[in-house]
1. With unit charges on the beta carbons (Lys and Arg positive, Asp and Glu negative) and the dipole taken about the Cα centre of segment 37-93, which residue among Tyr70, Ala92, Ile47 sits farthest to the positive side?
2. Kindly state, to the nearest 0.05, the FRET efficiency for Gln84 paired with Leu2, given R0 = 22 Å and r defined as their beta-carbon distance.
3. Taking 7 Å along the Cα-to-C-beta vector as the label spot, tell me the His14-Lys59 distance in nanometres, rounded to one decimal.
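Just so it is clear, none of the values below were taken in a lab; they were calculated from the coordinates. All values derive from a computational prediction rather than experimental measurement. Glycine also receives a Cβ, built like all others from the backbone with ideal geometry; neighbour counts cover every protein chain displayed.
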Amino acid sequence: MLVQNVPQFVIDVHAKLNVSENTSDLNLAEHIDTFNTIFAQMIEKRIQLVCDKVQKELKSDIFGLGQAFYREYPAVWNQQYASQWNEKFPEAKIVIKAKVTITQTGLVGKDQNWKEHPGT
């Protein structure tokens, strides 16, 4: 997408998570929406860090966003970006949108072998 003559990319991430074991007292099922949101935010932040690094430090379009832009807007690409994508790429806006779904909560309950120590 082109917003105020600046390429903008939206990267949609969909993840399904399985919690194989939860030995805390927390009932995961009661808070599943909260955990889905927290995990989605964590994924967005990590991917954004990678995008910032490749844009600002490496200045390298390792994701092929220029190719995606060309496929969507070939005329604009050829007129404004083809010869100077390496200079324009660091200015592009990349938005990460993650959606996480916890599909299974696995074994739930205190670990029978866990011994609580004072102060922990």
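1. Value: Ile47.
2. Details: r = 15 Å, r/R0 = 0.69.
It comes to 0.90.
3. According to this spin-label approximation, the distance is 3.7 nm.
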